[in-house]
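Novice: Next up is a structure, given as structure tokens.
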Amino acid sequence: MSSLRNRDIISIGDLSKDEIQAVLDQAANFEQRLARGESHLVAQLLQDHILATVFYEPSTRTRLSFESAMNRLGGRVISVAEAKTSSSAAKGETIYDSGRMLESYADVIVQRHPATGSARALADAASVPVINAGDGTGEHPTQALLDLYTIQREGAGNGLRALDGLHVVMVGDLKNGRTVHSLSKALTNWKVNFTFVAPPQLAMPDEVVAYLRQRGATVQQATELAPALSSADIAYITRIQQERFSSVEEYMKYKGVYVITAAAVAQAKPGIAIMHPLPRVDEIDTDVDKLPNAAYFRQARNGVFVRMALLTMVLGGD
Ligand code: NCD
């Protein structure tokens with residue numbers, strides 16, 4: 001039985017390296033089984049289980065890939081897509097009360113919420129496992145898992161490549177982007193060098209950098225993109241997180257500050273993988289899409305396999 005059985009997934013730091021690798025291996029197993037046409041067998045794994053997705057912030061990929069994963073496993077899904085306005089939170093219900101209620105409606109809860117710490121609060125209230133699908137500017141651990149899976153899959157034929165020795169460049173709004181917080185922490189389970197490219201006002205938070213260094217990673221911070229790309233194995237691009245800014249004027253100061261073009265990829269290290277959690281605004285030119293280096297749509301697809309792995313391991317269907 002998986003050690004993730006009945007566990008809450010709140011921060012990527014909650015998972016050991018072995019647990020993370022077990023999720024990635026299980027994801028590869030699901031990708032292969034589906035490719036072999038075993039969907040009818042896979043669809044028996046979580047019969048009689050119910051997933052609740054409760055999203056207080058917009059989402060396309062995370063919610064739909066969780067729901068797709070649960071459906072592919074034969075489970076059922078109940079969902080509030082606009083929980084801010086259409087759930088009882090609009091009437092003043094607390095996270096604690098929602099947790100006490102949702103635990104009797106579902107076997108696992110996936111929540112996205114604008115407040116950092118909200119996933120922990122729900123997990124403390126609910127007796128069933130809670131999976132954090134993004135808590136404000138805090139963390140997004142399942143995105144980190146699918147990002148790791150993508151890094152292992154890119155350029156590795158049918159297998160999974162080793163992560164040790166990679167140079168990972170993260171670009172954009174590193175202050176407010178929760179995906180880079182979780183992914184950088186996750187990568188400290190391997191020997192990875194980071195370069196963080198951001199305007200000083202949107203730099204990676206000091207506490208995250210301190211955590212990474214304390215876990216043995218080398219971290220460089222920069223404001224120029226081109227020099228970092230020349231030795232990057234992975235360029236992880238993020239959107240300026242408009243919803244975290246106090247005004248449109250403030251956001252407009254940073255919008256468009258970094259844009260990756262096909263010409264920039266041509267100057268970068270050969271074989272570089274361009275990743276992005278999506279949604280993209282303007283930070284990757286669409287002329288990059290046709291390049292073999294453009295990994296972001298494969299990355300989004302990988303979310304289904306990784307979430308299938310996680311749901312079966314948490315619910316005990318593996
Ligand atoms: C990210 C998020 O919500 O943090 N989206 C996602 O889950 N793929 C990234 C973003 O919104 O910029």
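Nothing in this text is a laboratory measurement; each read-out follows from the coordinates by a stated rule. Bear in mind the structure is a predicted one, so any value in this text is a computation, not a measurement. Heads up, the Cβs are rebuilt from the backbone with ideal geometry, glycines too, and the neighbour counts pull from every protein chain shown.
Novice: Which cross-chain or sequence-distant (5 or more) residues have an amide H under 5 Å from the amide H of Ala133, H modelled 1.01 Å from N in plane?
Specialist: Gln111, Arg112
Novice: Can I ask one more? 222 nm [θ] for the chain, helices only, -39500 (n - 2.57) per DSSP H run of 4+, per residue, to 500?
Specialist: Numbers: 13 runs with 122 residues, N = 318.
Here the helix-only value at 222 nm equals -11000 deg cm²/dmol.
Novice: Continuing with this model, one more query. Collect residues whose amide H, placed 1.01 Å from N in the peptide plane, falls under 5 Å from the amide H of Ser231; neighbours closer than 5 in sequence don't count.
Specialist: The list, which skips near neighbours in sequence, is Lys269.
Novice: Within region 25-109, report the trypsin sites (Lys or Arg not before Pro) that DSSP leaves as loop and that have at most 15 other Cβ atoms within 10 Å.
Specialist: Working: sites: Arg33, Arg36, Arg61, Arg63, Arg72, Arg76, Lys84, Lys91, Arg100; in loops: Arg36.
Of the trypsin sites (Lys or Arg not before Pro), the ones in loops of region 25-109 whose Cβ has at most 15 other Cβ atoms within 10 Å are Arg36.
Novice: Ranking Tyr296, Tyr211 by Cβ neighbours within 10 Å, fewest first, what do you get?
Specialist: Numbers: Tyr296 20, Tyr211 16.
Ordered by Cβ neighbours within 10 Å, fewest first: Tyr211, Tyr296.
Novice: State, to one decimal in nm, how far the label point of Asp14 lies from the label point of Thr116, with both points 7 Å from Cα in the Cβ direction.
Specialist: According to this spin-label approximation, the distance is 1.8 nm.
Novice: Now for a different question. Report the calculated FRET efficiency for Thr286 and Asp164 (r = Cβ-Cβ distance, R0 = 51 Å), to the nearest 0.05. Kindly include the intermediate steps, with their values, before the conclusion.
Specialist: On the way: r = 33 Å, r/R0 = 0.66.
Efficiency, rounded to the nearest 0.05: 0.95.
Novice: Quick check: the distance between the Cα centres of region 214-276 and region 63-94, to the nearest angstrom?
Specialist: If we compute the Cα centre of each part, the gap is 32 Å.
Novice: Here's a follow-up. Taking amide H atoms as placed 1.01 Å from N in the peptide plane, list the residues 5 or more away in sequence, or in a different chain, whose amide H sits under 5 Å from that of Val80.
Specialist: Thr53, Val54, Phe55
Novice: Let me ask something else about it. What shape does region 195-316 take by its C-alpha gyration tensor, where a ≥ b ≥ c are the square roots of the eigenvalues and a/c under 1.5 counts as rounded, a/b above b/c as prolate, and the rest as oblate? Show your work: numbers first, answer last.
Specialist: On the way: a/c = 1.31, a/b = 1.15, b/c = 1.14.
Here region 195-316 falls in the rounded category.
Novice: What's the lysine pair count for the chain at a Cα cut-off below 17 Å, pairs eight or more apart or interchain? Don't jump to the answer; show the numbers that get you there.
Specialist: Details: Lys17/Lys185; Lys17/Lys191; Lys175/Lys185; Lys175/Lys253; Lys175/Lys255.
Pairs that pass both the separation and distance tests number 5.
Novice: Calculate, for Arg76 and Asn29, the FRET efficiency according to 1/(1 + (r/R0)^6) with r their C-beta to C-beta distance and R0 22 Å; round to the nearest 0.05. Before the final figure, lay out each step's value.
Specialist: Working: r = 23 Å, r/R0 = 1.04.
FRET efficiency, Arg76 to Asn29: 0.45.
Novice: Could I have the simple spin-label model distance between Ser127 and Lys255, label points 7 Å from Cα toward Cβ, reported in nm to one decimal?
Specialist: Result for the modelled spin labels: 4.9 nm.
Novice: Please report, in debye to the nearest 20, how large the charge dipole of region 216-260 is about its Cα centre when each Lys and Arg carries +1 at its beta carbon and each Asp and Glu carries -1 there.
Specialist: Values: 4 positive and 5 negative charges, 15 e Å.
I would put it at about 80 debye.
Novice: About its Cα centre, how strong a charge dipole does the chain have in debye, to the nearest 20, once Lys and Arg get +1 and Asp and Glu get -1 at the Cβ?
Specialist: Numbers: 32 positive and 35 negative charges, 75 e Å.
The dipole magnitude comes to about 360 debye.
Novice: Projected onto the charge dipole of region 155-294 (+1 at Lys/Arg Cβ, -1 at Asp/Glu Cβ, origin at the Cα centre), which of Ser246, Ala217, Leu229 gives the Cα projection farthest towards the positive end?
Specialist: Ala217
Novice: In addition: Order of Arg213, Arg120 from fewest to most other C-beta atoms within 10 Å? Each step should come with its number before you reach the end.
Specialist: Working: Arg213 13, Arg120 18.
Ordered from fewest to most neighbouring Cβ atoms within 10 Å, Arg213, Arg120 come out as Arg213, Arg120.
Novice: Another question about this same structure. DSSP loop GluC sites (Glu not before Pro) in region 192-243 with at most 13 other Cβ atoms within 10 Å of their Cβ, which ones? It would help to have the intermediate numbers written out before the result.
Specialist: On the way: sites: Glu207, Glu224, Glu243; in loops: Glu224.
For GluC sites (Glu not before Pro) across region 192-243 that sit outside H, G, I, E and B with at most 13 neighbouring Cβ atoms in 10 Å, the list reads Glu224.
Novice: Separate question: Arrange Leu41, Leu24, Leu34 by Cβ neighbour counts within 10 Å, fewest through most, would you?
Specialist: Leu41, Leu34, Leu24
Novice: May I ask you to evaluate 6.51 cos²θ - 1.76 cosθ + 1.60, the Karplus curve with θ = phi - 60°, for each residue of region 168-185 and list the ³J(HN,Hα) values in order in whole Hz, giving x for glycine and proline?
Specialist: 10, 9, 10, 10, x, 8, 7, 6, 9, x, 6, 5, 6, 5, 5, 5, 5, 4
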